[in-house]
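So the structure is just underneath, and the comments pick up after that.
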Amino acid sequence: MLELKNISYSVQDEGTGKVQDILKDVCLTFEDATISVITGPNGSGKSTLIKILMGFLLPTSGTILFNGEDVTDLSVTDRARKGFTIAFQQPVRFKGITVQKLLELASGKRMDTDAMCECLSSVGLCARNYIGRAVDGTLSGGELKRIELATAIAKGGEVFLLDEPEAGIDLWSFEDLVKVFERLHDKTVIIVSHQQRILDTADKIVLFENDSPVSFGRKEEMFDKLTKRPNLCWRNIKED
């Protein structure tokens, strides 16, 4: 179980010196074997929360508990060792490293072709066409996104943090992406997304709004609240 107790995060504007609250007293509980989708308008703090959960940012105040242990001040490396895995909104490029090597580094072991094929095919890629390719600018943004998701699957873990995993994924591969979430349903999966189809996969939905407290509840309870927010733009993968 992952618990957030009164998490706040503030930054100081370099020009004006004013302090801006990005997150304020966020209290959330992410239970084991659940998919939670975080949604809401741009700039409301969704990606900031993911970075705090992974340890890229330290909260200004508050506590993060993982299975009862305080992990608030742990480094990214230490959280990864405890089973935290992240896929970024914008995939990272690794000059000079192949897809095969990246998957093996993520998994911590040598992988045979069948194992790599399982990871890559789950995100709509054929291992035979990709394992020898470099993870660099020769790959499209969509290919890089899928490889990053395959890397997260290869690493494994107990907590999966996915920031807009659908970015760059075409319509034909989208259902494969949804199947990835279903395969991870025995883990704690936290997804940032605006996609209706991904919201449909959730057990619970977290709604961020710029000037209101974060609200959180079961999908069935939250959908009614979402439909009453005309300022929020829900996207359908067919439109992207």
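For the reader, a short list of remarks on this structure follows.
- Segment 133-152 and segment 115-132: distance between their alpha carbon centers, rounded to Å: 11
- Å³ per residue enclosed by the Cα convex hull of segment 92-156: 72
- Surface/4 estimate of mean projected area, convex hull on alpha-carbon atoms of the chain, nm²: 13.8
- Applying the Kirkwood pairwise sum to the alpha-carbon positions of segment 1-137 produces a hydrodynamic radius of 17.6 angstrom.
Readers should treat all values here as calculations from the given coordinates under stated rules, not as data from a laboratory. Model, not experiment: these values are computed from the prediction.
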